[in-house]
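Below you'll find the structure, written out as structure tokens, and then a few comments.
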Amino acid sequence: MAITPDDVREIFKGLESGDGRAFFEHVADGVDWTVMGTHPLAGHYRSKRAFQEATFSKLGKVLPNGAQLRVTNLIVAANVAVVELVSDATALSGMRFDNHYCWVVRFEGDCITEVRAYLDSAMVAELFRQNPV
């Protein structure tokens, strides 16, 4: 069964409301998640736990209210969604972290099994330069 735009918006609603747990309930334990770029969060993660530890846990240390991701656009075809997001966050240093993202997300049913995430690498590098962890 193909994923629908309404399904994707519902799954991503957790990230928009700051409820990462609700979002990650829809991520497979063995997800294949690649964060593109050359910055402190970039890498190829082969599990939900590895991804969360390498990215969201680090962001949580420098963004007191989290990344505050908001879906701005999405395109869905069969079991793949292209999801554009923007972060509306402020770092501990006061730096605005208004990063833009594009995630290419593969689903099996309503479960995310693969993600390729593209973002502004320079902004992430500057975030961690100003807010070392």
(request) Any chance you could count how many residues in the stretch 22-69 are basic (Lys, Arg) and either within 21 Å of Gln130 (Cβ to Cβ) or at pLDDT below 95 (or both)? (result) 2
(message) Can you list residue pairs whose Cβ atoms sit under 6 Å apart, with the first residue in the stretch 75-102 being farther than 16 Å from Leu119 by Cα and the second being surrounded by 15 or more Cβ atoms within 10 Å (Cβ to Cβ) and among the polar types (S, T, N, Q)? Count only pairs 6 or more apart in sequence or on different chains.
(response) Ala91/Asn131; Leu92/Asn131; Ser93/Asn131
(message) Tally up the residues in the stretch 1-15 that are in a helix (DSSP H, G or I) and crowded, with 18+ Cβ neighbours inside 10 Å, please.
(response) 4
(request) Looking for whichever is under 22 Å from Arg96 (Cβ atoms), within 13 Å of the chain's Cα centre (by Cα) and of a type in the set (Ser, Thr, Tyr) here; the options are Thr34, Thr55. Which one fits? (result) Thr55
(request) Mind listing just one residue for me: the one in the stretch 97-133 that is among the polar types (S, T, N, Q) and surrounded by 15 or more Cβ atoms within 10 Å (Cβ to Cβ) and, of those, farthest from the chain's Cα centre (by Cα)? (result) Asn131
(request) Report yes if Val124 is in a loop (DSSP other than H, G, I, E, B) and among the hydrophobic types (A, V, I, L, M, F, W, C), otherwise no. (result) no
(message) Show me the helices (runs of 4 or more DSSP H) found entirely inside the stretch 16-97 where at least 1 residues are aromatic (Phe, Trp, Tyr) and touching a helix residue (DSSP H, G or I) at 6+ places or on another chain (Cβ under 6 Å).
(response) 20-24
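The values are calculated or read from the model by the stated rules, or taken from the named source; none is laboratory data. Here the structure is a predicted model, which means the values were calculated and not measured. Positions of Cβ are generated from backbone atoms using ideal geometry, with glycine treated the same way; all protein chains shown enter the neighbour counts.
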